[in-house]
Amino acid sequence: MIRSTKKNLLISVFLLLGILFLVFSSALAGEPDAAYKDIEAMFMAPDFCGKTLAECPATVSENMRQEIKAMLQAGNSKDQIVNTFVNKYGYEILAAPPKQGFFLTAWVLPVIALVLGIWIMYAFLQRAQRGKSPAARRRSQENQPIDLDLQERIQEEVLRRL
């Protein structure tokens, strides 16, 4: 009985180690490629073609991709690589502005503009709707004096054309 318990425990430990090895080896194998793809998508192509580094086929972009791969293989972190390219090319190299300092306005202003635009449209539609209601039209007609001469001329013109 003790032998079978030890045997089961030993089998369980080996199975657990095997599963852990598979999980961590696949995670470690996929990590550099995933990190590379993430970093590659963070940069715009320096040849001003309007594409990200991942999409641009230019030679300059290929050189940058090789540089990123070399930096990853050297053990540089994502932040170190980003800082290196920002120092080299400036913030214009980033596909999206950083969410800090002055660049935060690039993230906040579109939201403010959207909310303000919705509010202005709502106010405009409310005013337009108030002016179109039948009750409002009746009230405005009742408050305006009627020019009797003009009304007679209009009736005569209508009768003549019939």
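Where a number appears in this text, it was derived from the coordinates with a stated rule and is not lab data. Worth saying up front: this structure is predicted, and the values here are computed from it rather than measured. A quick note on method: Cβ atoms are made from the backbone with ideal geometry, for glycine too, and the neighbour counts reach across all protein chains shown.
Overview of values
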{"item": "Sorted by Cβ density within 10 Å, fewest first, the residues 56, 49", "result": "49, 56"}
{"item": "For residue 55, distant residues with modelled amide H under 5 Å away", "result": "none"}
